[in-house]
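Trainee: Take this structure, written in structure tokens, and hold onto it; I'll ask about it next.
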Amino acid sequence: MTTAGDGTNATPEHMYGHVLHPEEFLARARYGSAPPSVELAPWVDRYWSVRWDLEEGTSYPVATLDDPCVHLTLERGGVIRRGADGGGTWITGPVTRGVFDVRLSGRGSVVGVRFRRGGTAAFRSEAVSTLRDRTVPAARWFTDPPFPDDLPEDADDAAGALDAWLLALGPRDTSALLTLRAVLDVLDDPAVTSLAALQERTGMTARTLQRLLARHVGVGPKRMLVRARVMDALAAIDRGDPRPAATIAADLGWFDQSHFIRDVHAITGLTPAAYAARRDAARGDAARRDTDRRDVAGTAPAARSSAGR
């Protein structure tokens, strides 16, 4: 299992480009993840969990920029976001309008299932497009058996129960899902930065790609391509990539820096420079906290020796 939350653990690789300012988040919450069983791996990416215990009267906003996938969550305590405040079991569809904002307060936890793109098609026949930019009660999609509401708070501890529940739903591949998987493999190639390139590589028309992706992923190909590049750019910034912003933009397929700035701002509300500045400020704050902790530890009274007692 991957865990973090004391401000000293490394950022999980899969968090880069998905959680904005991940180091800030991990200084305030404990994150965990666990893989699904081998049988479920074609459709389920991972199980994940977040736990937090903030000072009374404080809260922390978390913004995520996910590729278009579906999440099932069991939420407890202080979780505030559009469409689903407080505890409960929820299904959240692909977010296409900027970032997905959640505010954490008090004490609480979330444990969830992150499906692979299009993965819900192995469990349910409903079009993912009906969930686009929406959060609805999990019972609207999963009723027999219902999504468990008594899971442990840590992903690693919950994995066995989640495996059993998902396997009980009888997942299976469909011909459309196999076709989708092949298209997504092409989309994941960093060299594919345009709809024309995607059409050429897949041999499909723009209309066919639009219908396939809209139904099973909830987002059209053009939007997916832009968001994927923005996620790669933010991941590079959060990793401390030494390349100038203009070089990052060019390497990721933007033809000029103005379009790069526009696309990043449209999704995150920040320019690439402003995003990087906030990351640098957060790292400076973390370094000062570490120094303060070391100073306190260095001035603490030495433990008494028990020799001779």
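Trainee: Using modelled amide H (1.01 Å from N, peptide plane; none on Pro or chain starts), what sits under 5 Å from the amide H of ARG46, excluding residues fewer than 5 places away?
Mentor: ARG114
Trainee: If I fit a long axis through the Cα atoms of helix 272-299 and take the longest principal axis of the Cα atoms of the chain, what angle between them do I get, 0 to 90°, rounded to 10?
Mentor: 30 degrees
Trainee: Tell me, what HN-Hα J-couplings in whole Hz come from the Karplus equation 6.51 cos²θ - 1.76 cosθ + 1.60 at θ = phi - 60° for each residue of the stretch 221-235, using x for Gly and Pro?
Mentor: 3J(HN,Hα) across the stretch 221-235, in whole Hz: x, 5, 5, 5, 5, 5, 5, 4, 5, 5, 4, 5, 5, 5, 4.
Trainee: Moving on to the next point. Treating the beta-carbon of each Lys and Arg as +1 and of each Asp and Glu as -1, no other charges, what is the dipole magnitude of the chain about its Cα centre, to the nearest 20 debye?
Mentor: That gives a dipole near 580 debye.
Trainee: While we're on this one: Taking the chain as the reference, fit the longest principal axis to its C-alpha atoms, fit the long axis of helix 175-187 to the helix C-alpha atoms, and give the angle between the two in degrees, 0 to 90, nearest 10.
Mentor: With both axes taken from Cα atoms, the answer is about 60 degrees.
Trainee: Summing Lys, Arg as +1 and Asp, Glu as -1, what charge do residues with Cβ under 9 Å from the Cβ of LEU169 carry, LEU169 excluded?
Mentor: So the surrounding residues net to 0.
Trainee: Using only Cα atoms and rounding to the nearest 10 degrees, what angle (0 to 90) does helix 155-168 make with the longest principal axis of the chain?
Mentor: With both axes taken from Cα atoms, the answer is about 30 degrees.
Trainee: Moving on to the next point. Apply the Karplus curve 6.51 cos²θ - 1.76 cosθ + 1.60, θ = phi - 60°, to the phi angles in the stretch 14-25 and return the couplings in whole Hz, x for Gly and Pro.
Mentor: 6, 7, 5, x, 10, 9, 5, 6, x, 5, 4, 4
Trainee: Hey, another quick one. Could you identify which residue out of LEU26, LEU54, LEU72 has the top mean-square fluctuation in a GNM of the chain using Cα springs shorter than 10 Å?
Mentor: Residue with maximal mean-square fluctuation among LEU26, LEU54, LEU72: LEU54.
Trainee: Name the long-range amide H neighbours of GLY106: under 5 Å, sequence gap of 5 or more, or other chain; modelled H, no Pro or chain starts.
Mentor: Amide H neighbours of GLY106, under 5 Å, 5+ apart: LEU54, GLY57, THR58.
Trainee: Any chance you could run the full-extension gain for ARG103 through ALA246? It's 0.36 nm times the residue separation minus the Cα-Cα distance, nm to one decimal. Could you put the intermediate results ahead of the total?
Mentor: On the way: separation 143, 0.36 × 143 = 51.48 nm, distance 3.28 nm.
Full extension from ARG103 to ALA246 adds 48.2 nm.
Trainee: Over 5 Å intervals from 0, what percent of Cα-Cα pairs in the stretch 114-230 sits in each interval?
Mentor: Calculated P(r), rounded to whole percents: 2, 10, 19, 20, 16, 13, 10, 7, 3, 0.
Trainee: For PRO190, what is the net charge nearby, where nearby means another residue's Cβ is under 12 Å from its Cβ and Lys, Arg count +1, Asp, Glu -1?
Mentor: Here the charged neighbours net out to -3.
Trainee: Using only helices, what value at 222 nm comes out for the chain when you add -39,500 (n - 2.57) per DSSP H run of length 4 or more and divide by the total residues, to the nearest 500 deg cm²/dmol?
Mentor: Helix contribution divided over all residues of the chain: -12000 deg cm²/dmol.
Trainee: Using 7 Å Cα-to-Cβ label points, what is the THR179/ALA277 separation (nm, one decimal)?
Mentor: Result: 4.9 nm between the two label points.
Trainee: Measure off 7 Å from each Cα along the Cα-to-Cβ vector at VAL136 and ARG82, then give the distance between these two points in nanometres to one decimal.
Mentor: The answer from the label model is 1.8 nm.
Trainee: The list (i) 1.02; (ii) 1.09; (iii) 0.97 gives values of Rg/Rh (Cα atoms, Kirkwood Rh), and only one came from this structure; which label was calculated from it?
Mentor: Identified label for the calculated read-out: (i).
Trainee: May I pose another question? Give me a comma-separated list of calculated 3J(HN,Hα) values for the stretch 190-207, in order, Karplus coefficients 6.51, -1.76, 1.60 applied at θ = phi - 60°, integers in Hz, x for any Gly or Pro.
Mentor: Each residue's phi maps through the Karplus curve to give x, 6, 8, 10, 9, 5, 4, 5, 5, 4, 5, 6, 9, x, 10, 6, 4, 5 Hz.
Throughout, read-outs are computed from the coordinates displayed, never taken from laboratory work. Nothing here was measured: the structure is a model prediction, and the numbers come from that model. Every residue, glycine as well, gets a Cβ built from its backbone with ideal geometry; the counts of neighbours run over all protein chains shown.
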